[in-house]
């Protein structure tokens, strides 16, 4: 890795100001970005560490929503009794991300800002119709994820929290790559204040909603409603782990398991 400046701001405002400088990158848990630096895929002039910024971690439940601070680790979400009670599928998802090291260092805000096409959290955010809060605004899930490793975040904008509406029902299933534990395909389903939603990760360049499956589940919330359902393979990923057609076939199967689970 090349030399870089390491900054440790103590407020969101200071972090945003530092991140706005050319060549600066925000650092949350570092489980993705530091690996990219080691492989020479990223070479920031400045790293702005968010770990010392107060108020960016923690979980609260109220007003029909679960609010999770951006620097809250996956392990903390998985272990939270409040999350387990309000949205069990979200706690289940967090508990199956990566390995213990990743779960104890990785953060929800870092995962969303990175928007890896196979990451788990984007499926929960989109699948529950969550809101991403930043130092500047609130961004609806349907507008947040814009493409491969791309989001609606502007230069220097800092994620501060994510609020999830508590659903009537929700479920999560993923078919993982055994070594990395990323989703070859992951499906999050929910029925609640934001209607019926089915979000898919790992199958395309970016997390997306499976509208055809949503229509079937809106008419009949049951695994049986997805019997014989199909999803187009057009635009889906093909790699050494599986073809686009394979991923397309997995989506309704995992969606049915998530509903039935």
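The values are calculated or read from the model by the stated rules, or taken from the named source; none is laboratory data. Quick caveat: nothing in here was measured; it's all calculated off a predicted structure. Ideal geometry is used to build each Cβ from the backbone, glycine not excepted, and the neighbour counts take in all protein chains shown.
Regarding region 130-137, can at least one residue be identified that is assigned to a helix (DSSP H, G or I) and either crowded, with 19+ Cβ neighbours inside 10 Å or in contact with a strand residue (DSSP E or B) (Cβ under 6 Å, 6 or more places away or on another chain) (or both)? Looking through region 130-137, none of the residues is assigned to a helix (DSSP H, G or I) and either crowded, with 19+ Cβ neighbours inside 10 Å or in contact with a strand residue (DSSP E or B) (Cβ under 6 Å, 6 or more places away or on another chain) (or both). Scoring residue 53 on the criteria (1) farther than 18 Å from residue 133 by Cα; (2) assigned to a loop (DSSP other than H, G, I, E, B); (3) in contact with a helix residue (DSSP H, G or I) (Cβ under 6 Å, 6 or more places away or on another chain) leaves a single failure, condition (1). Among residues of region 66-94 that are under 16 Å from residue 169 (Cβ atoms), those with a Cβ under 8 angstrom from a residue that is assigned to a loop (DSSP other than H, G, I, E, B), sequence gap 6+ or separate chain, pair up as 66/87; 66/166; 86/166; 87/166; 87/167; 91/80; 93/120. As for region 141-153, it holds at least one residue that is assigned by TED's automatic domain parsing to the domain that holds residue 63, assigned to a strand (DSSP E or B) and touching a strand residue (DSSP E or B) at 6+ places or on another chain (Cβ under 7 Å).
Would you be able to say whether some residue in region 87-100 is part of a strand (DSSP E or B), at pLDDT 90 or above and within 18 Å of the chain's Cα centre (by Cα)?
no
The requirement of being more than 28 Å from residue 62 (Cβ to Cβ), outside any strand (DSSP E or B) and in contact with a strand residue (DSSP E or B) (Cβ under 7 Å, 6 or more places away or on another chain) is fulfilled nowhere in region 191-201; no residue meets it.
Taken over region 22-48, the criterion of being without any contact (Cβ under 8 Å) to a residue 60 or more places away in the chain and either assigned to a loop (DSSP other than H, G, I, E, B) or in the same structural domain as residue 102 (by TED's automatic domain parsing) (or both) is satisfied by 22, 23, 39, 40, 41, 42, 43, 44, 45. Taken together, the criteria exclude residue 231 from residues that are assigned to a strand (DSSP E or B), surrounded by 13 or more Cβ atoms within 10 Å (Cβ to Cβ) and assigned by TED's automatic domain parsing to the domain that holds residue 183.
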